Amino acid sequence: GKQTIQIFARVKPSVRKQQQGIYSIDEDEKLASSLEIVLPRDLADGFVNNKRESYKFKFQRIFDQEAKQEIIFEIIAKPVAESTLAGYNGTIFAYGQTGSGKTFTITGGAERYSDRGIIPRTLSYIFEQLQKDSSKIYTTHISYLEIYNECGYDLLDPRHEASKLEDLPKVTILEDPDQNIHLKNLSLHQATTEEEALNLLFLGDTNRMIAETPMNQASTRSHCIFTVHLSSKEPGSATVRHAKLHLVDLAGSERVSKTGVGGLLLTEAKYINLSLHYLEQVIIALSEKHRTHIPYRNSMMTSVLRDSLGGNCMTTMIATLSLEKRNIDESISTCRFAQRVALIKNEAILNEEIDPRLMIVRLQKEIADLKAELAMVTGEQRTEALTEAELLQLEKLIASFVEDQDPESRLEVGADLRKIHYCFHHFKVNFNVSSGLSHVLPRSNCNKNSSC
(Lines give C-alpha, C1' and ligand atoms only; values in the text may rest on other atoms or scores of the structure.)
Protein backbone atom coordinates (compact mmCIF):
# COMPACT_ATOMS: atom_id res chain seq x y z
CA GLY A 1 0.00 0.00 0.00
CA LYS A 2 0.90 3.67 -0.07
CA GLN A 3 3.26 4.99 2.55
CA THR A 4 5.39 8.10 2.96
CA ILE A 5 9.16 7.99 2.64
CA GLN A 6 10.76 7.27 6.03
CA ILE A 7 13.27 9.90 7.20
CA PHE A 8 15.99 9.48 9.83
CA ALA A 9 18.71 11.83 11.08
CA ARG A 10 22.24 10.97 12.19
CA VAL A 11 24.50 13.45 13.97
CA LYS A 12 28.20 13.11 13.25
CA PRO A 13 30.56 13.08 16.27
CA SER A 14 32.29 16.44 16.65
CA VAL A 15 36.06 16.67 16.20
CA ARG A 16 36.28 19.52 18.66
CA LYS A 17 34.61 19.69 22.02
CA GLN A 18 30.93 20.17 21.18
CA GLN A 19 29.61 23.63 21.93
CA GLN A 20 26.73 23.29 24.34
CA GLY A 21 23.25 24.31 23.34
CA ILE A 22 23.55 24.10 19.54
CA TYR A 23 21.02 21.27 19.29
CA SER A 24 18.77 19.10 21.43
CA ILE A 25 16.87 15.85 20.75
CA ASP A 26 13.42 15.09 22.14
CA GLU A 27 12.59 11.37 22.01
CA ASP A 28 9.38 11.62 24.05
CA GLU A 29 7.06 12.53 21.19
CA LYS A 30 4.74 9.75 19.98
CA LEU A 31 6.00 7.84 16.91
CA ALA A 32 8.54 10.55 16.05
CA SER A 33 11.67 12.23 17.39
CA SER A 34 12.23 15.95 17.34
CA LEU A 35 15.51 17.75 16.63
CA GLU A 36 15.85 21.36 17.72
CA ILE A 37 18.73 23.40 16.32
CA VAL A 38 19.47 26.53 18.35
CA LEU A 39 21.39 29.40 16.76
CA PRO A 40 24.06 30.92 19.02
CA ARG A 41 23.29 34.59 19.66
CA ASP A 42 26.57 35.78 18.21
CA LEU A 43 25.55 34.21 14.87
CA ALA A 44 21.87 35.11 14.88
CA ASP A 45 22.32 38.57 13.35
CA GLY A 46 21.98 38.16 9.60
CA PHE A 47 22.42 34.39 9.83
CA VAL A 48 19.82 32.13 8.15
CA ASN A 49 16.97 34.19 9.60
CA ASN A 50 17.78 36.82 12.21
CA LYS A 51 14.23 36.80 13.60
CA ARG A 52 14.46 33.17 14.69
CA GLU A 53 16.84 31.63 17.17
CA SER A 54 15.79 27.98 16.92
CA TYR A 55 14.46 25.53 14.35
CA LYS A 56 12.58 22.30 15.06
CA PHE A 57 12.39 19.26 12.77
CA LYS A 58 10.65 15.89 13.14
CA PHE A 59 12.15 12.55 12.10
CA GLN A 60 11.15 8.89 12.55
CA ARG A 61 14.22 8.62 14.74
CA ILE A 62 17.36 10.66 15.43
CA PHE A 63 20.70 8.97 16.07
CA ASP A 64 23.01 11.08 18.19
CA GLN A 65 26.81 11.16 18.08
CA GLU A 66 27.26 7.91 20.05
CA ALA A 67 25.11 5.79 17.70
CA LYS A 68 26.89 2.64 16.46
CA GLN A 69 26.79 1.25 12.94
CA GLU A 70 24.98 -1.87 14.14
CA ILE A 71 21.98 0.04 15.48
CA ILE A 72 21.82 2.12 12.25
CA PHE A 73 21.52 -1.12 10.26
CA GLU A 74 18.97 -2.73 12.61
CA ILE A 75 16.60 0.24 12.68
CA ILE A 76 17.00 1.69 9.18
CA ALA A 77 18.30 -0.92 6.72
CA LYS A 78 17.09 -4.29 8.02
CA PRO A 79 13.34 -3.64 7.44
CA VAL A 80 14.08 -2.53 3.86
CA ALA A 81 16.25 -5.64 3.24
CA GLU A 82 13.44 -7.86 4.58
CA SER A 83 10.94 -6.29 2.19
CA THR A 84 13.37 -6.86 -0.72
CA LEU A 85 13.61 -10.55 0.19
CA ALA A 86 9.79 -10.64 0.10
CA GLY A 87 9.73 -9.23 -3.46
CA TYR A 88 9.40 -5.44 -2.97
CA ASN A 89 11.75 -2.77 -4.34
CA GLY A 90 13.69 -0.77 -1.75
CA THR A 91 15.92 2.32 -1.62
CA ILE A 92 18.06 3.81 1.13
CA PHE A 93 19.84 7.08 0.41
CA ALA A 94 22.04 9.34 2.51
CA TYR A 95 21.87 13.13 2.06
CA GLY A 96 23.99 15.81 3.72
CA GLN A 97 26.96 18.13 3.31
CA THR A 98 30.50 16.95 2.62
CA GLY A 99 32.10 15.50 5.74
CA SER A 100 28.79 14.81 7.54
CA GLY A 101 29.20 11.01 7.42
CA LYS A 102 27.23 9.85 4.36
CA THR A 103 29.86 7.44 3.01
CA PHE A 104 30.65 6.18 6.51
CA THR A 105 26.95 5.47 7.07
CA ILE A 106 26.34 3.80 3.69
CA THR A 107 29.66 2.00 3.05
CA GLY A 108 31.46 2.22 6.40
CA GLY A 109 35.00 2.75 7.63
CA ALA A 110 38.01 0.53 6.89
CA GLU A 111 39.70 0.72 10.30
CA ARG A 112 37.50 -1.64 12.33
CA TYR A 113 35.15 -4.51 11.46
CA SER A 114 32.50 -2.88 13.65
CA ASP A 115 32.65 0.21 11.39
CA ARG A 116 31.02 -1.68 8.49
CA GLY A 117 28.25 0.40 6.94
CA ILE A 118 24.79 -0.32 5.60
CA ILE A 119 25.89 -1.95 2.31
CA PRO A 120 28.20 -4.69 3.71
CA ARG A 121 25.82 -5.39 6.61
CA THR A 122 22.85 -5.63 4.23
CA LEU A 123 24.76 -8.05 1.95
CA SER A 124 25.67 -10.17 4.96
CA TYR A 125 22.04 -10.23 6.16
CA ILE A 126 20.60 -11.06 2.70
CA PHE A 127 22.96 -14.01 2.08
CA GLU A 128 22.39 -15.27 5.63
CA GLN A 129 18.63 -15.34 4.96
CA LEU A 130 19.08 -17.01 1.57
CA GLN A 131 21.05 -19.85 3.16
CA LYS A 132 18.27 -20.39 5.72
CA ASP A 133 15.48 -20.53 3.12
CA SER A 134 15.64 -23.77 1.14
CA SER A 135 12.04 -23.51 -0.10
CA LYS A 136 12.98 -21.18 -2.99
CA ILE A 137 15.66 -20.87 -5.66
CA TYR A 138 17.40 -17.48 -5.42
CA THR A 139 19.68 -15.64 -7.83
CA THR A 140 21.51 -12.45 -6.85
CA HIS A 141 23.16 -9.90 -9.14
CA ILE A 142 25.07 -6.71 -8.32
CA SER A 143 25.47 -3.45 -10.23
CA TYR A 144 27.38 -0.32 -9.16
CA LEU A 145 26.66 2.96 -10.97
CA GLU A 146 28.62 6.19 -10.55
CA ILE A 147 27.18 9.52 -11.69
CA TYR A 148 30.08 11.96 -12.08
CA ASN A 149 29.62 15.39 -13.68
CA GLU A 150 26.17 14.24 -14.88
CA CYS A 151 27.64 11.25 -16.78
CA GLY A 152 27.08 7.63 -15.77
CA TYR A 153 29.94 5.13 -15.40
CA ASP A 154 30.04 1.44 -14.50
CA LEU A 155 32.23 1.11 -11.38
CA LEU A 156 32.52 -2.64 -12.03
CA ASP A 157 33.90 -2.22 -15.56
CA PRO A 158 37.26 -4.10 -15.60
CA ARG A 159 38.79 -1.35 -17.79
CA HIS A 160 38.37 1.26 -15.02
CA GLU A 161 41.89 1.03 -13.63
CA ALA A 162 43.67 0.91 -17.01
CA SER A 163 41.70 3.62 -18.83
CA LYS A 164 41.01 7.30 -18.39
CA LEU A 165 37.50 8.11 -17.25
CA GLU A 166 36.65 9.87 -20.53
CA ASP A 167 37.68 6.74 -22.50
CA LEU A 168 35.24 4.47 -20.65
CA PRO A 169 31.81 3.73 -22.18
CA LYS A 170 29.17 5.94 -20.61
CA VAL A 171 26.08 4.43 -19.03
CA THR A 172 23.06 5.76 -20.90
CA ILE A 173 19.36 5.72 -20.05
CA LEU A 174 16.80 3.97 -22.26
CA GLU A 175 13.08 4.18 -21.62
CA ASP A 176 10.57 1.60 -22.84
CA PRO A 177 6.92 2.33 -23.82
CA ASP A 178 5.82 1.59 -20.23
CA GLN A 179 8.24 4.28 -18.96
CA ASN A 180 10.50 1.68 -17.34
CA ILE A 181 14.15 2.75 -17.15
CA HIS A 182 16.90 0.54 -18.62
CA LEU A 183 20.60 1.34 -18.26
CA LYS A 184 22.81 0.59 -21.26
CA ASN A 185 26.50 -0.29 -20.56
CA LEU A 186 25.83 -1.01 -16.86
CA SER A 187 27.02 -4.55 -16.14
CA LEU A 188 25.25 -7.04 -13.88
CA HIS A 189 27.49 -9.44 -11.93
CA GLN A 190 26.13 -12.59 -10.35
CA ALA A 191 27.09 -13.10 -6.70
CA THR A 192 26.46 -16.55 -5.22
CA THR A 193 28.07 -15.81 -1.84
CA GLU A 194 28.50 -12.88 0.53
CA GLU A 195 32.24 -12.88 -0.22
CA GLU A 196 31.65 -12.46 -3.97
CA ALA A 197 29.23 -9.58 -3.35
CA LEU A 198 31.65 -7.82 -0.97
CA ASN A 199 34.49 -8.18 -3.50
CA LEU A 200 32.31 -6.37 -6.05
CA LEU A 201 31.63 -3.61 -3.52
CA PHE A 202 35.34 -3.17 -2.75
CA LEU A 203 36.20 -3.17 -6.48
CA GLY A 204 33.63 -0.44 -7.13
CA ASP A 205 34.76 1.67 -4.16
CA THR A 206 38.36 1.50 -5.43
CA ASN A 207 37.21 3.03 -8.73
CA ARG A 208 35.18 5.91 -7.20
CA MET A 209 36.05 9.56 -7.88
CA ILE A 210 37.54 10.87 -4.64
CA ALA A 211 39.41 14.13 -4.02
CA GLU A 212 40.70 16.17 -1.10
CA THR A 213 38.66 19.29 -0.36
CA PRO A 214 38.79 21.88 2.43
CA MET A 215 35.67 20.24 3.88
CA ASN A 216 37.01 16.67 3.92
CA GLN A 217 40.31 14.86 3.30
CA ALA A 218 38.71 12.22 1.08
CA SER A 219 35.55 13.74 -0.35
CA THR A 220 33.43 11.64 -2.71
CA ARG A 221 32.91 13.71 -5.84
CA SER A 222 30.13 11.64 -7.36
CA HIS A 223 26.76 10.05 -6.62
CA CYS A 224 26.94 6.26 -6.37
CA ILE A 225 24.11 3.74 -6.58
CA PHE A 226 24.91 0.19 -5.41
CA THR A 227 22.05 -2.12 -6.46
CA VAL A 228 21.24 -5.67 -5.38
CA HIS A 229 18.96 -7.44 -7.90
CA LEU A 230 17.20 -10.43 -6.30
CA SER A 231 15.10 -13.11 -8.07
CA SER A 232 13.31 -15.99 -6.36
CA LYS A 233 11.03 -18.85 -7.40
CA GLU A 234 9.68 -22.02 -5.85
CA PRO A 235 10.82 -25.27 -7.53
CA GLY A 236 8.33 -26.26 -10.24
CA SER A 237 6.51 -22.94 -10.08
CA ALA A 238 6.29 -20.65 -13.11
CA THR A 239 5.99 -17.53 -10.93
CA VAL A 240 9.17 -15.51 -10.37
CA ARG A 241 9.62 -12.62 -7.94
CA HIS A 242 12.04 -9.82 -8.84
CA ALA A 243 13.18 -7.10 -6.46
CA LYS A 244 15.93 -4.50 -6.47
CA LEU A 245 17.51 -2.70 -3.54
CA HIS A 246 19.23 0.64 -4.26
CA LEU A 247 21.78 1.80 -1.67
CA VAL A 248 22.67 5.39 -2.60
CA ASP A 249 25.57 7.55 -1.45
CA LEU A 250 25.01 11.12 -2.67
CA ALA A 251 27.83 13.62 -3.04
CA GLY A 252 28.08 16.55 -0.60
CA SER A 253 25.29 19.13 -0.67
CA GLU A 254 27.10 22.31 0.50
CA ARG A 255 27.20 25.55 -1.52
CA VAL A 256 30.10 26.02 -3.97
CA SER A 257 31.28 29.22 -2.24
CA LYS A 258 31.76 27.34 1.01
CA THR A 259 33.98 24.60 -0.46
CA GLY A 260 36.72 27.09 -1.33
CA VAL A 261 37.75 25.09 -4.39
CA GLY A 262 38.69 25.98 -7.96
CA GLY A 263 39.52 24.33 -11.29
CA LEU A 264 38.33 20.73 -11.66
CA LEU A 265 36.97 20.60 -8.09
CA LEU A 266 34.88 23.70 -8.81
CA THR A 267 33.44 22.05 -11.92
CA GLU A 268 32.66 18.91 -9.89
CA ALA A 269 30.98 20.99 -7.18
CA LYS A 270 28.80 22.78 -9.74
CA TYR A 271 27.61 19.48 -11.27
CA ILE A 272 26.99 18.00 -7.81
CA ASN A 273 24.92 21.00 -6.77
CA LEU A 274 23.03 21.03 -10.07
CA SER A 275 22.01 17.36 -9.77
CA LEU A 276 21.01 17.87 -6.12
CA HIS A 277 19.01 20.93 -7.21
CA TYR A 278 17.13 18.76 -9.73
CA LEU A 279 16.60 16.14 -7.02
CA GLU A 280 15.10 18.87 -4.84
CA GLN A 281 12.86 19.99 -7.71
CA VAL A 282 11.51 16.44 -8.06
CA ILE A 283 10.95 16.23 -4.28
CA ILE A 284 9.08 19.57 -4.25
CA ALA A 285 6.96 18.58 -7.26
CA LEU A 286 6.03 15.24 -5.65
CA SER A 287 5.14 16.87 -2.31
CA GLU A 288 2.81 19.41 -3.94
CA LYS A 289 -0.74 18.30 -4.65
CA HIS A 290 -2.21 18.56 -8.15
CA ARG A 291 1.23 18.61 -9.86
CA THR A 292 0.90 16.68 -13.12
CA HIS A 293 4.49 16.96 -14.38
CA ILE A 294 7.38 15.60 -12.30
CA PRO A 295 10.78 16.65 -13.80
CA TYR A 296 12.50 13.25 -13.51
CA ARG A 297 14.28 13.65 -16.86
CA ASN A 298 16.18 16.79 -15.81
CA SER A 299 19.08 14.74 -14.42
CA MET A 300 20.46 11.24 -14.68
CA MET A 301 20.15 10.57 -10.96
CA THR A 302 16.44 11.47 -10.78
CA SER A 303 15.81 9.33 -13.90
CA VAL A 304 17.53 6.30 -12.36
CA LEU A 305 15.74 6.80 -9.02
CA ARG A 306 12.32 7.42 -10.58
CA ASP A 307 10.77 4.37 -8.88
CA SER A 308 12.37 5.30 -5.57
CA LEU A 309 10.75 8.74 -5.57
CA GLY A 310 6.99 8.55 -5.88
CA GLY A 311 6.91 5.09 -7.45
CA ASN A 312 6.94 1.35 -6.78
CA CYS A 313 9.45 1.31 -3.93
CA MET A 314 9.87 1.38 -0.14
CA THR A 315 12.21 4.34 0.32
CA THR A 316 14.19 5.55 3.34
CA MET A 317 16.32 8.70 3.67
CA ILE A 318 19.12 9.32 6.17
CA ALA A 319 19.94 12.98 6.76
CA THR A 320 23.54 13.19 7.96
CA LEU A 321 24.29 16.28 10.05
CA SER A 322 27.52 17.91 11.21
CA LEU A 323 26.11 20.12 13.96
CA GLU A 324 29.06 22.40 14.57
CA LYS A 325 28.92 26.18 14.66
CA ARG A 326 30.27 26.66 11.13
CA ASN A 327 27.89 24.06 9.63
CA ILE A 328 24.58 25.15 11.13
CA ASP A 329 23.24 26.72 7.91
CA GLU A 330 23.97 23.51 5.92
CA SER A 331 22.45 21.36 8.67
CA ILE A 332 19.24 23.42 8.67
CA SER A 333 19.11 23.15 4.86
CA THR A 334 19.51 19.34 5.06
CA CYS A 335 16.73 19.08 7.66
CA ARG A 336 14.40 21.22 5.55
CA PHE A 337 15.06 18.96 2.56
CA ALA A 338 14.25 15.89 4.70
CA GLN A 339 10.92 17.41 5.80
CA ARG A 340 9.89 17.81 2.15
CA VAL A 341 10.97 14.23 1.37
CA ALA A 342 8.74 12.99 4.23
CA LEU A 343 5.65 14.32 2.39
CA ILE A 344 6.17 12.01 -0.62
CA LYS A 345 4.03 8.87 -0.87
CA ASN A 346 5.29 5.73 -2.59
CA GLU A 347 3.25 2.65 -3.46
CA ALA A 348 5.31 -0.55 -3.27
CA ILE A 349 3.79 -3.57 -5.01
CA LEU A 350 4.90 -7.20 -5.08
CA ASN A 351 6.98 -7.77 -8.25
CA GLU A 352 5.75 -11.12 -9.60
CA GLU A 353 5.79 -12.42 -13.16
CA ILE A 354 5.56 -15.71 -15.03
CA ASP A 355 8.92 -17.23 -16.00
CA PRO A 356 8.86 -16.94 -19.83
CA ARG A 357 10.93 -20.11 -20.36
CA LEU A 358 8.59 -22.28 -18.28
CA MET A 359 5.60 -20.61 -19.90
CA ILE A 360 6.94 -21.49 -23.37
CA VAL A 361 7.35 -25.17 -22.39
CA ARG A 362 3.80 -25.28 -20.98
CA LEU A 363 2.32 -23.60 -24.07
CA GLN A 364 4.20 -25.97 -26.39
CA LYS A 365 2.74 -28.97 -24.55
CA GLU A 366 -0.72 -27.41 -24.63
CA ILE A 367 -0.42 -26.83 -28.41
CA ALA A 368 0.65 -30.47 -28.96
CA ASP A 369 -2.33 -31.72 -26.91
CA LEU A 370 -4.75 -29.46 -28.79
CA LYS A 371 -3.38 -30.62 -32.14
CA ALA A 372 -3.85 -34.24 -31.08
CA GLU A 373 -7.44 -33.56 -29.95
CA LEU A 374 -8.18 -31.76 -33.22
CA ALA A 375 -6.75 -34.69 -35.18
CA MET A 376 -9.10 -37.06 -33.30
CA VAL A 377 -12.16 -34.95 -34.10
CA THR A 378 -11.29 -34.47 -37.79
CA GLY A 379 -10.01 -38.02 -38.26
CA GLU A 380 -6.63 -36.78 -39.46
CA GLN A 381 -4.60 -39.03 -37.18
CA ARG A 382 -0.84 -39.41 -37.33
CA THR A 383 0.12 -42.59 -39.12
CA GLU A 384 3.79 -43.00 -38.23
CA ALA A 385 4.59 -45.78 -35.73
CA LEU A 386 5.23 -45.01 -32.08
CA THR A 387 8.91 -44.92 -31.14
CA GLU A 388 10.52 -47.35 -28.71
CA ALA A 389 10.77 -44.57 -26.11
CA GLU A 390 7.05 -43.76 -26.50
CA LEU A 391 6.09 -47.46 -26.19
CA LEU A 392 8.24 -47.83 -23.07
CA GLN A 393 6.68 -44.74 -21.53
CA LEU A 394 3.16 -46.07 -22.27
CA GLU A 395 3.97 -49.43 -20.64
CA LYS A 396 5.20 -47.63 -17.53
CA LEU A 397 1.97 -45.59 -17.40
CA ILE A 398 -0.15 -48.77 -17.81
CA ALA A 399 1.80 -50.59 -15.06
CA SER A 400 1.41 -47.62 -12.71
CA PHE A 401 -2.33 -47.44 -13.50
CA VAL A 402 -2.90 -51.16 -12.89
CA GLU A 403 -0.99 -51.11 -9.57
CA ASP A 404 -2.80 -47.98 -8.28
CA GLN A 405 -5.45 -49.08 -5.74
CA ASP A 406 -7.32 -45.77 -6.00
CA PRO A 407 -10.65 -46.40 -7.81
CA GLU A 408 -10.61 -42.77 -9.00
CA SER A 409 -7.24 -43.08 -10.77
CA ARG A 410 -7.14 -42.50 -14.53
CA LEU A 411 -4.86 -43.55 -17.35
CA GLU A 412 -3.88 -40.30 -19.07
CA VAL A 413 -2.26 -40.84 -22.47
CA GLY A 414 -3.49 -37.72 -24.25
CA ALA A 415 -5.65 -37.47 -27.37
CA ASP A 416 -3.38 -39.56 -29.61
CA LEU A 417 -5.37 -42.49 -31.11
CA ARG A 418 -2.15 -44.47 -31.72
CA LYS A 419 -1.47 -44.47 -27.98
CA ILE A 420 -5.09 -45.24 -27.08
CA HIS A 421 -5.15 -48.20 -29.51
CA TYR A 422 -1.84 -49.48 -28.13
CA CYS A 423 -3.21 -49.36 -24.54
CA PHE A 424 -6.29 -51.39 -25.55
CA HIS A 425 -4.06 -53.88 -27.38
CA HIS A 426 -1.80 -54.15 -24.32
CA PHE A 427 -4.79 -54.85 -22.01
CA LYS A 428 -6.21 -57.41 -24.51
CA VAL A 429 -2.94 -59.36 -24.65
CA ASN A 430 -2.54 -59.37 -20.88
CA PHE A 431 -6.17 -60.44 -20.40
CA ASN A 432 -5.74 -63.36 -22.84
CA VAL A 433 -2.54 -64.47 -21.11
CA SER A 434 -4.06 -64.31 -17.63
CA SER A 435 -7.25 -66.19 -18.68
CA GLY A 436 -5.36 -68.85 -20.67
CA LEU A 437 -7.24 -68.07 -23.92
CA SER A 438 -5.49 -68.07 -27.24
CA HIS A 439 -8.22 -65.84 -28.61
CA VAL A 440 -11.21 -63.94 -27.32
CA LEU A 441 -14.65 -64.84 -28.64
CA PRO A 442 -16.97 -62.03 -29.70
CA ARG A 443 -19.57 -61.10 -27.06
CA SER A 444 -22.42 -62.35 -29.33
CA ASN A 445 -20.86 -65.85 -29.63
CA CYS A 446 -20.22 -65.98 -25.87
CA ASN A 447 -23.90 -65.41 -25.20
CA LYS A 448 -24.84 -68.49 -27.33
CA ASN A 449 -22.11 -70.81 -26.06
CA SER A 450 -22.79 -72.14 -22.60
CA SER A 451 -19.13 -73.05 -22.12
CA CYS A 452 -18.07 -69.34 -22.17
Exercise for review: Sort the following peptides by mean Cβ neighbour count (other Cβ atoms within 10 Å, averaged over residues), highest first: 231-241, 305-315.
Suggested key: 305-315, 231-241
Practice item. Name the long-range amide H neighbours of residue 91: under 5 Å, sequence gap of 5 or more, or other chain; modelled H, no Pro or chain starts. Key: 246, 314, 315, 316
Practice item. Go ahead and run the numbers for FRET between residue 359 and residue 54, Cβ-Cβ distance against an R0 of 51 Å, rounding to 0.05. Key: 0.25
Exercise for review: Quote the FRET efficiency, to the nearest 0.05, computed for residue 38 versus residue 206 with a Förster distance R0 of 41 Å and r equal to the Cβ-Cβ distance.
Suggested key: 0.50
Exercise for review: Could you pull the accessible area for residue 132 with a 1.4 Å probe, rounded to 10 Å²?
Suggested key: 140 Å²
Check your understanding: Of 68/136; 184/233; 132/244; 78/170; 78/345; 68/345, which pairs sit farther than 23 Å apart, going by alpha carbon to alpha carbon?
Key -> 68/136; 184/233; 78/170; 68/345
Practice item. Over the Cα atoms of the stretch 357-401, compute the convex hull volume and normalise it per residue, giving Å³. Key: 116 Å³
Revision key, fill the gap. Rounded to the nearest 10 Å², the accessible area of residue 104 using a 1.4 Å probe with every protein chain kept is 80 Å²
Practice item. Take 345, 102 and sort them by solvent-accessible surface of the protein heavy atoms, 1.4 Å probe, largest at the top. Key: 345, 102
Review point. Would you list 361, 38 from the most to the least accessible area, probe 1.4 Å?
Key: 361, 38
Check your understanding: Quick one: if you stick a label point 7 Å off each Cα along the C-beta vector at residue 349 and residue 3, how many nm between them?
Key -> 1.8 nm
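The values are calculated or read from the model by the stated rules, or taken from the named source; none is laboratory data. Owing to the predicted nature of the structure, the values given are computational and were not obtained by experimental measurement. Cβ sites come from the backbone with ideal geometry, for glycine too, and all protein chains shown count toward neighbours. Quick note on the areas: whole protein, heavy atoms, side chains included, nothing else; ligands and nucleic acids left out. Shrake-Rupley method; radii C 1.70, N 1.55, O 1.52, S 1.80 Å.
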